[in-house]
1. Name the residue, out of ALA346, ALA312, that is at pLDDT 95 or above and either more than 18 Å from LEU263 (Cα to Cα) or under 17 Å from the mean Cα position of the chain (by Cα) (or both).
2. Take THR156 and tell me if it is touching a residue at least 40 places away in the same chain (Cβ under 8 Å) and of a type in the set (Ser, Thr, Tyr).
3. So ALA143 clears everything in (1) without any contact (Cβ under 8 Å) to a residue 40 or more places away in the chain; (2) within 30 Å of PHE326 (Cα to Cα); (3) of a type in the set (A, V, I, L, M) except one condition, right? Which one?
4. Filter the stretch 203-241 down to the residues that are part of a loop (DSSP other than H, G, I, E, B), farther than 27 Å from PRO323 by Cα and touching a strand residue (DSSP E or B) at 6+ places or on another chain (Cβ under 9 Å) and list them by number.
5. Among the residues of the stretch 277-287, is any surrounded by 15 or more Cβ atoms within 10 Å (Cβ to Cβ) and at pLDDT below 95?
6. Return the only residue of LEU94, LEU133 being under 30 Å from LYS309 (Cα atoms) and in contact with a Ser or Thr (Cβ under 7 Å, 6 or more places away or on another chain).
7. Got a sec? Which strands (runs of 3 or more DSSP E) wholly within the stretch 76-142 have at least 3 residues that are polar (S, T, N, Q) and either modelled with pLDDT under 95 or in the same structural domain as VAL340 (by TED's automatic domain parsing) (or both)?
Amino acid sequence: MSDAMDPKPGTPYAGHDAVSPTLLPPPRAGKPRRWILWVVLVVLALIGYVIFHTVQRSTGASKGGPGGRGAAMSGKPMPVMVATAAKGDINVVLTALGNVTPVNNVTVKTRVDGQLVRLAFTEGQTVKAGDLLAEIDPRAYQAQLAQAEGQLARDTALLQNARLDLQRYQTLMAQDSIAKQQVDTQASLVRQYEGTVKLDQGNADNARVQLSYTRITAPVSGRVGLRQVDPGNIVHASDTTGIVVITQIDPITVIYTLPEDTLPKVMPRLQAGDKLPVEAWDRGQTNLLAHGTLMTVDNTIDNTTGTVKLRAQFPNQNAALFPNQFVNVRMRVDTLHDQVIQPGTASAPAASQSGQGAQGGHRRHGGASAPAAAPPPKS
């Protein structure tokens, strides 16, 4: 009975009509929400905006101004400065580093010992040869001169008396009144006095020279430096410092070195008697200090550096060159005629012009710079 009471799975309950099972239709998908679509559209618009402005900035940077790449890419003309090549003369110049050296640099010393009583110069003064510079106490040397002159006068008188006696003896001997031996003795006495007088004369001259040394004069013309000793000090001829130093600054010279391979450009001109012009420029090579000429070339080459020394002389009335000053030297060794010269600023962009004049090219000659003609413009 229990089996009749419990229905089996898949069978209708008892007392109900049997109903055939039917499937329910699947739920219908709803429409997507509209706000999602709007978000997608806004994001795409932002991405497009960013891409557009990035491209615009990169294009503007590539233009770079009137003469830049952008102008060339866009077909616009690039403004340039144009100059015409011409024929002219080119100076071949050797450059070097030089040191100003005075023609004469003299340390003035005393030649006699004594007390320095006076200095007759002002430090930095320009003096001429023979000008008085200092005085040594002359009294001791004046006394020595007086003594020598007195001895000379005494012996001169003895000589004169001996000569008179010799004349008398010669007269008496001619009369056969005295012996010949006495005449010979008197003649020997005369010669003895003559020697004594010469010795006295030498002593007097030496004393006179020593006295003159008490007045110290300038041996050369030039500019005096700082004094090395003050008045009142005892100075000696053996002193090494001296009293003052005189430097001749007009004219003045510059010593500089050039590589040995530049000698073929210099020696033929120098041996022919040509005056090679030399210019002295300041350390920055901006100011021309003086014009001069080459004097000489040293007789040996320095094996250590492979260079040779040269000396040029400059007039220096305005004292533009100072002893031991460092200068840049430019020496013209040749001139090239009828050379095609192209200005260095030709075909340069207008925006880069500096306002300087046209310049030719330069080439190196053994470590020295020489201007050279620029090649003619290519067609």
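1. Going through ALA346, ALA312 in turn, just one is at pLDDT 95 or above and either more than 18 Å from LEU263 (Cα to Cα) or under 17 Å from the mean Cα position of the chain (by Cα) (or both): ALA312.
2. Working: touching a residue at least 40 places away in the same chain (Cβ under 8 Å): yes; of a type in the set (Ser, Thr, Tyr): yes.
So THR156 passes the test.
3. (2)
4. Scanning the stretch 203-241 gives TYR213, THR214, PRO231, GLY232, ASN233, HIS236.
5. no
6. LEU94
7. The strands (runs of 3 or more DSSP E) meeting that bar are 86-102.
This table checks each residue for (1) in the same structural domain as GLN317 (by TED's automatic domain parsing); (2) surrounded by fewer than 15 Cβ atoms within 10 Å (Cβ to Cβ); (3) farther than 20 Å from ARG118 by Cα; (4) among the small types (Gly, Ala, Ser).
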| residue | (1), (2), (3), (4) |
| --- | --- |
| SER177 | no, yes, yes, yes |
| THR196 | no, no, yes, no |
| VAL224 | no, no, no, no |
| VAL235 | no, no, no, no |
| SER238 | no, yes, no, yes |
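The values are calculated or read from the model by the stated rules, or taken from the named source; none is laboratory data. The shown structure was predicted, so the numbers you read here are calculated from the model rather than taken from an experiment. Cβ coordinates were reconstructed from backbone atoms using ideal geometry, including for glycine residues, and neighbour counts include every protein chain displayed.
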